[in-house]
Amino acid sequence: MKLFQSLTLLLMLSAAVLGQLLDPAKLLQPPTDTWPTYNGDYSGRRFSTLSSISASNVKSMTLAWVYRINPGQGGNTTIKSTPLEINGTLYFTVPDHVWALDARTGRELWHYAWQSKGGIHIGNRGVGVYGNWLFFETPDCHLVSLNLKDGKERWNTEICDLNQQYYASVAPVIVKNHVIVGVSGDDLDIPGYLEARDPETGRLQWHFETHPQPGEPGSETWPNVEAMMHGGGMTWVPSTYDPELNLIYLGTGNPQPVLAGKGRGGDNLYTESILALNPDTGKLAWYFQPSPHDTHDWDAVQTPVLFDAEFNGQKRKLVAQASRNGYFFLLDRTNGQHLLTAPFIKTNWATGIDAKGRPIRNLAKDPTPDGALVSPSSGGATNWPPPSFNPETGLFYVSASRSYSIFYLTDLDDKPEGWGGVDRSLWSQSQVVAI
């Protein structure tokens with residue numbers, strides 16, 4: 001009898017634990033009763049099939065509850081994360097902090113506070129979840145794993161060097177048994193990279209640097225090894241994933257020095273690029289570069305959105321990006337073949353489109369000591385707020401901005417450092433654009 005009772009209790013406990021788990025199948029389909037990743041699912045479309053809220057009744061929505069965060073004295077209170085919703089619980093972040101709330105009432109279930117050693121607290125994109133475990137990055141370069149149920153820390157591990165002015169802010173993406181993490185940092189001319197970590201232990205599985213190694217294809221797009229090895233290309237927005245092709249897709253940030261390009265002549269691969277990587281090995285499958293040799297801080301990190309559609313009468317597996325430089329890019333996601341480039345906002349920095357589908361830079365719009373009037377501003381024609389794609393309308397929706405800045409070159413040395421210049425924003429107008 002005692003054995004039967006023990007087995008019954010064990011089964012009940014197992015069922016309770018399983019009730020806390022994130023079902024991996026939820027990641028492979030459009031979200032309905034859950035929002036388990038930064039973009040809702042792996043595709044980056046941010047599309048839901050739910051229809052209870054519509055254009056006819058949205059005016060009747062009323063406030064249900066408010067929760068006021070308290071990150072402590074001097075803490076960043078701006079929520080830049082996308083809350084995850086799993087089994088009736090919301091999980092969201094600001095730098096150094098994670099909260100779990102009851103989605104119906106707003107009641108706090110738990111709050112985790114990381115004891116920070118510093119770093120840039122510009123924002124945090126959110127958490128990633130694997131089974132019953134949660135993962136998030138900290139400004140002082142750590143990846144932290146918590147229990148989903150109670151917020152207790154499981155482990156933490158360093159993923160970048162705070163002394164080199166790196167910081168970490170991206171929402172981890174979990175693909176199979178890989179926790180995909182990225183880094184940020186623009187101040188000390190440091191290389192960007194992407195890593196995969198073991199969800200059980202935090203152990204490094206692979207490390208991919210967003211520049212070629214000396215002698216590899218792409219290294220010819222840099223003037224020398226020193227410039228290439230300190231060339232930027234940060235990875236601060238979550239990637240997307242195609243399970244059939246087994247490829248992750250991500251955008252990379254600006255080259256460094258940020259506004260001064262004299263010491264880094266060439267296209268500067270793989271900065272400002274859309275990359276496809278194998279999540280099991282970190283090996284590069286293909287790349288496309290929306291902004292060769294950028295001198296305006298136009299990170300091409302915007303979400304690469306995955307969908308299938310006809311193009312020129314042929315069914316294709318597509319990936320699309322509305323890039324910060326003001327252009328929309330459509331590629332075949334199986335091989336990176338360029339299909340279409342078109343402006344989605346008015347700009348003045350390019351003179352046309354080259355044979356590879358890349359905007360041709362107007363050299364007169366590079367930063368100068370006297371200043372160059374450029375559109376868009378350094379904030380870009382869009383930024384980190386993600387786009388969405390509706391497969392029912394076939395439209396790609398972008399939070400966009402028409403804007404102007406004056407870009408000044410301040411470091412005239414043959415080997416400029418840091419930012420190498422400044423920009424002054426003059427005017428901007430926010431828009432919603434459907435492509």
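What follows draws every value from the coordinates through simple rules; no lab data is involved. Since we're looking at a predicted model, the values are computed, not measured. No Cβ is skipped: glycine too gets one built from the backbone with ideal geometry, and neighbour counts run over all protein chains shown.
Data overview
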read-out: Extension gain, S425 back to L340 (0.36 nm per residue minus Cα-Cα distance, nm); value: 27.6 nm
read-out: Most mobile listed residue (S81, S116, S145) in the chain, GNM with C-alpha springs under 10 Å; value: S116
read-out: Aspartates and glutamates with Cα under 20 Å of K315, excluding same-chain neighbours fewer than 8 positions away; value: D242, E244, D332, E392
read-out: Rounded to whole Hz, the Karplus (6.51, -1.76, 1.60) HN-Hα couplings of the stretch 115-124, x for glycine and proline; value: 7, 6, 9, x, x, 7, 9, 6, x, 9
read-out: Label-zone membership for the stretch 32-47, site E108, 7 angstrom Cα→C-beta point, backbone N under 20 Å; value: none
read-out: DSSP-loop trypsin sites (Lys or Arg not before Pro) across the stretch 81-173, with at most 13 other Cβ within 10 angstrom; value: R104, R107, K117, K152
read-out: Approximate spin-label separation T77-E226, in nm, with each point projected 7 Å along Cα-to-Cβ; value: 4.7
read-out: Helix axis angle, 2-20 relative to the chain longest principal axis, alpha carbon, degrees; value: 30
read-out: Theoretical gain in end-to-end length, D150 to T201 [0.36 nm per residue, Cα-Cα removed]; value: 16.5 nm
read-out: Qualifying trypsin sites (Lys or Arg not before Pro) in the stretch 225-291, DSSP loop, other Cβ atoms within 10 Å at most 13; value: K283
read-out: At most 14 other Cβ within 10 Å, DSSP loop - trypsin sites (Lys or Arg not before Pro), the stretch 40-71; value: R68
read-out: Projected area, mean over directions - the chain, Cα convex hull, nm²; value: 24.2
read-out: Computed helical MRE - 222 nm, the chain, DSSP H runs ≥ 4 contributing -39500 (n - 2.57), nearest 500; value: -1500 deg cm²/dmol
read-out: Under 17 Å from the D280 label point (7 Å along Cα→beta-carbon), backbone N, the stretch 204-245; value: 205-207, 241-245
read-out: The stretch 81-90 - phi-based ³J(HN,Hα) in whole Hz, Karplus 6.51/-1.76/1.60, Gly and Pro as x; value: 8, 8, x, 8, 10, 9, 6, x, 10, 9
